[in-house]
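Chemist: To start, I am sharing the structure in question, which I have written as structure tokens.
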Amino acid sequence: MRRINDFFIRHSWVSIVLGVVAASVLTWMLYPGRSPGATVVRACLYSVAGVAAVLARRRKEKRFAGGSTERLVSVEQHLRAGEVPSDPEEREAMREIVDRRLHQTRHRVVGLVFLAVLFAGATVLFGLTGGPLRTVGLAVFGVVFMGWLIWNSNGQTRRLRTMRDAMRSGSPHGSAQAAGLPPTHPAV
């Protein structure tokens, strides 16, 4: 899993392509009358703003990590493993990235509620205009997606807060595990 995470950090374009492909497949399944090519083009056009936001965020994080992809990968590895970096430059990069990510998540509860209302409203409107099978499919997708999103959001926020606390306390073992942060994967 660590190699996969490192790969996606180094090559963010792969996750973007996979996201567009997944969106295209889902859209094509909901509207099977359209051609797959037109569905892919439409998904690409709808994804432009999201892709721009992801690339801008990645560029900023790379700058805060010291300007190199390798340093960003190293900081991400330490964060996922729950280890406070021992190198002073890496500690500063970790502190900056953790603080920025926590700042960016300050409105996450409002965002999650908005998404839940959006999914519920879309499902109701889809039920009024579409068939029952598609409505049930959209409702199941909405519940599963929102459940995963809430679970993932809570875990990431908890990990960031614990790392912030471990870095402030200056944990002598260089580990956020001393502050209660479990590692996300076993050491390989």
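The values are calculated or read from the model by the stated rules, or taken from the named source; none is laboratory data. In this text the structure is predicted, and so the values were computed from the model without any measurement. As a convention, Cβ positions derive from the backbone with ideal geometry for all residues, glycine included, and neighbour counts pool all protein chains shown. Quick note on the areas: whole protein, heavy atoms, side chains included, nothing else; ligands and nucleic acids left out. Shrake-Rupley method; radii C 1.70, N 1.55, O 1.52, S 1.80 Å.
Chemist: Please state which one of L138, L133, L128 is of a type outside the set (D, E) and at pLDDT 90 or above. I'd like the intermediate steps shown before the answer.
Modeler: On the way: L138 fails: at pLDDT 90 or above; L133 fails: at pLDDT 90 or above.
Result of the check over L138, L133, L128: L128.
Chemist: Just to be sure before I move on: is A116 touching a Gly at 6+ places or on another chain (Cβ under 7 Å), under 25 Å from R158 (Cα atoms) and either in contact (Cβ under 8 Å) with a residue 40 or more places away in the chain or open to solvent by less than 60 Å² (accessible area, probe 1.4 Å) (or both) in the structure I sent?
Modeler: no
Chemist: A follow-up question, please. May I ask you to verify whether G37 is open to solvent by 60 Å² or more (accessible area, probe 1.4 Å) and over 27 Å from E96 (Cβ atoms)? Talk me through it step by step, then tell me what you get.
Modeler: On the way: open to solvent by 60 Å² or more (accessible area, probe 1.4 Å): no; over 27 Å from E96 (Cβ atoms): yes.
Judged against the criteria, G37 is not a match.
Chemist: Another one. Is it the case that region 22-35 has a residue that's of a type in the set (K, R) and not in a helix (DSSP H, G or I)?
Modeler: yes
Chemist: Scan region 58-84 residue by residue and report those that are assigned to a helix (DSSP H, G or I) and touching a residue at least 24 places away in the same chain (Cβ under 8 Å).
Modeler: Scanning region 58-84 gives R58, K60, E61, F64, T69, L72, V73, E76, Q77, L79, R80, A81.
Chemist: Within region 19-70, track down each residue that is modelled with pLDDT of 80 or more and of a type in the set (D, E, K, R).
Modeler: Correct list: R42, R57, R58, R59, K60, E61, K62, R63.
Chemist: Further question: Please count how many residues of region 31-56 are touching a residue at least 12 places away in the same chain (Cβ under 8 Å) and either closer than 25 Å to R95 by Cα or of a type in the set (A, V, I, L, M) (or both).
Modeler: Here the count works out to 5.
Chemist: Going through region 125-174 one residue at a time, which ones are polar (S, T, N, Q), under 30 Å from R91 (Cβ atoms) and open to solvent by 40 Å² or more (accessible area, probe 1.4 Å)? Steps first, please.
Modeler: Residues of region 125-174 that are polar (S, T, N, Q), as a first pass: 129, 135, 152-154, 156-157, 162, 169, 171.
Add one more test, that the residue is under 30 Å from R91 (Cβ atoms), and what stays is 152-154, 156-157, 162, 169, 171.
Listed by number, the residues that qualify are N152, N154, Q156, S169.
Chemist: Right, another one. Would you check if there is a residue in region 55-73 being more than 27 Å from R164 (Cα to Cα) and either more than 20 Å from the chain's Cα centre (by Cα) or surrounded by 14 or more Cβ atoms within 10 Å (Cβ to Cβ) (or both)?
Modeler: Quick first cut of region 55-73, residues more than 27 Å from R164 (Cα to Cα) only: none.
No, the conditions are met nowhere in region 55-73.
Chemist: Spot the failing condition for L26; the list is (1) touching a helix residue (DSSP H, G or I) at 6+ places or on another chain (Cβ under 6 Å); (2) touching a residue at least 40 places away in the same chain (Cβ under 8 Å); (3) open to solvent by 60 Å² or more (accessible area, probe 1.4 Å), and only one is missed.
Modeler: Among (1) touching a helix residue (DSSP H, G or I) at 6+ places or on another chain (Cβ under 6 Å); (2) touching a residue at least 40 places away in the same chain (Cβ under 8 Å); (3) open to solvent by 60 Å² or more (accessible area, probe 1.4 Å), L26 violates only (1).
Chemist: Do you know which residues across region 84-106 are over 16 Å from R161 (Cβ atoms) and open to solvent by 80 Å² or more (accessible area, probe 1.4 Å)? If you could, list the steps in order and put the result at the bottom.
Modeler: So in region 84-106, the residues over 16 Å from R161 (Cβ atoms) come out as 85-93.
The answer is S86, P88, E89, E92.
Chemist: With the structure loaded, tell me whether F141 is touching a residue at least 24 places away in the same chain (Cβ under 8 Å) and either under 27 Å from S68 (Cα atoms) or among the aromatic types (F, W, Y) (or both) or whether it fails that test.
Modeler: When the stated conditions are applied, F141 passes them.
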